[in-house]
Amino acid sequence: MAHKQIHTTEITPTDCCFKPRRDQTLDAHCEPSNQVCVGVREREKMKDRTGKGGNQASVNERYTQWKSLVPILYDWLANHNLVWPSLSCRWGPLLDQATYKNRQRLYLSEQTDGSVPNTLVIANCEIVKPRVAAAEHIAQFNEEARSPFVKKFKTIIHPGEVNRIRELPQNSKIVATHTDSPDVLIWDVEAQPNRHATLGATESHPDLILTGHQENAEFALAMSQSEPFVLSGGKDKSVVLWSIQDHISTLATDTGAGSNDGKSPKSGGNDDKPTESPKIQARGIYQGHQDTVEDVQFCPSSAQEFCSVGDDSCLILWDARTGTSPVVKVEKAHNADLHCVDWNPIDDHFILTGSADNTVRLFDRRNLTSSGVGTPVHVFSNHSAAVLCVQWSPDKSSIFGSSAEDGVLNIWDHNKVGERSGPASKFAPGLLFRHSGHRDKVVDFHWNSHDPWTIVSVSDDGESTGGGGTLQIWRMIDLIYRPQEEVIDELEKFKSHILTCPTA
């Protein structure tokens, strides 16, 4: 796999300053400020290396360069080594809040080699609040160690590999999973017993099974913001819609899943769930793709409207109220297979797609026609390999992220497209930040709705570090994304100190 040399964003006042912390005075900034000045010089060196021969830099060199900049560019970061790679990661409910940190559930998986079972993992995470962590501490981690901020809480033995995890917005204790089968599995993670993942252990039984696909449905999975609806796509070229309410159950209500708020879960070597899981059939099956459906997403304002993308390079919009045929089908939305799609949760005119052609495209559905004509508002080009995941920020309508096989997670602001000119024009339009902390393909990431600039991301490190994966929880320094006027005002307070940074 080809790996791209790091290209840092433009050096601005947001990059070359230090962070005032709650527990630090101006005098306490003397040492961190020197680190900042050194870091800025290092960034200049990195920029020089991105010229001729820059792409020959090894993954380890790129990673070393990134790690040296962590105290400058990040407000907080936790690095957690995974023995087995996780193909998906999702935030769960907020458990409690304290003065300097929050505690929150996190869902991930363990994709094993068969020597032990595949699992769905429920973890408890401590998330340090903004401007609390000391800059000199956040880069002091061991890549081969587990983070003290991430603690495994419960293990569910999953029937097959966990390819995709999605939580129910109305009750995030309910999750859906995709594996290498035609079915979607629904889990009440609080009611499920804690299992010991040992060779030969029996599989946990899902609380509900959704049937309807004729072939394997491995990745395309979504849950509606407005109703307890589930959407899936698969190798049968179909998009399938279910309602959890079709099963007479309390699954989709908060009263149906009691939480013990992080206390030790019920444990056992055997699964005391019923041996047969209830099943429900689809409400609708939608045909229009000519190849595997790779991703699906609901319109945030309607459970009846949704979109899908696939290996036929098409973006299709559907409306369950008008039948099972496409409302809009955009042929050749990209120049290769489409891997991912997301619908803006704040402004539902905008849809993002990511593709094997290494680009992210932004579509305005008002510009799409039933004849299949649709020109993207903008094509975002910065990745050097296939884009695997795109996701809008839950807090800012113009902000989104994209991750790819090049090991990079980019943060974009489409409102910034066209703002920069002159020397800054060599930077990708709209690129706000590049997270280069992973050493292999970043297979999934998730914005935290309770702490909107905090992101969890996972990489499958099998090809670069001999197996396993890396989970990172991180938040960029707020001086990068705050309004320019605020940043300048804050920098003015420390201007004289910054100017005294040593230059050699």
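The values are calculated or read from the model by the stated rules, or taken from the named source; none is laboratory data. Since the structure is predicted, the reported quantities are computational estimates derived from the model, not experimental observations. We place every Cβ from the backbone using ideal geometry, glycine too, and count neighbours over all the protein chains shown. Ligands, DNA and RNA are excluded from the accessible area calculation, which covers all protein heavy atoms including side chains. Shrake-Rupley method; radii C 1.70, N 1.55, O 1.52, S 1.80 Å.
Can you find a residue in the range 305-327 that is open to solvent by 40 Å² or more (accessible area, probe 1.4 Å), more than 23 Å from I165 (Cβ to Cβ), of a type outside the set (V, I, T) and within 22 Å of the chain's Cα centre (by Cα)? No - not one qualifying residue is present in the range 305-327.
Out of K416, K396, K426, K495, one residue alone is modelled with pLDDT of 95 or more, more than 21 Å from S88 (Cα to Cα), open to solvent by 20 Å² or more (accessible area, probe 1.4 Å) and out of contact with any helix residue (DSSP H, G or I) (no Cβ under 7 Å at 6 or more places or on another chain). It is K396.
Pairs linking a residue in the range 320-336 that is under 17 Å from I351 (Cα atoms) to a residue that is surrounded by fewer than 12 Cβ atoms within 10 Å (Cβ to Cβ) and among the small types (G, A, S), with Cβ atoms under 6 Å and 6 or more positions apart or on different chains, are V328/S370.
Among the residues making up the range 348-377, those that are surrounded by fewer than 16 Cβ atoms within 10 Å (Cβ to Cβ) and either among the β-branched types (V, I, T) or over 16 Å from L317 (Cα atoms) (or both) are T369, V373, T375, V377.
Residues checked against (1) farther than 30 Å from K235 by Cβ; (2) surrounded by fewer than 21 Cβ atoms within 10 Å (Cβ to Cβ):
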residue: T112; (1), (2): no, yes
residue: L120; (1), (2): no, no
residue: A139; (1), (2): yes, yes
residue: K154; (1), (2): yes, no
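The residue of the range 432-445 that is modelled with the lowest pLDDT, among those that are open to solvent by less than 10 Å² (accessible area, probe 1.4 Å) and more than 18 Å from L69 (Cα to Cα), is D440.
List the strands (runs of 3 or more DSSP E) that sit entirely inside the range 170-211 and contain at least 2 residues that are open to solvent by less than 40 Å² (accessible area, probe 1.4 Å), out of contact with any Ser or Thr (no Cβ under 6 Å at 6 or more places or on another chain) and among the small types (G, A, S).
Details: elements: 171-178, 184-188, 208-210.
Because the criterion is at least 2 residues that are open to solvent by less than 40 Å² (accessible area, probe 1.4 Å), out of contact with any Ser or Thr (no Cβ under 6 Å at 6 or more places or on another chain) and among the small types (G, A, S), the strands (runs of 3 or more DSSP E) in the range 170-211 that meet it are 171-178.
Identify, please: which residue in the range 285-294 is out of contact with any Gly (no Cβ under 7 Å at 6 or more places or on another chain) and crowded, with 17+ Cβ neighbours inside 10 Å and is, among those, farthest from G374 (Cα to Cα)?
Here the answer is Y286.
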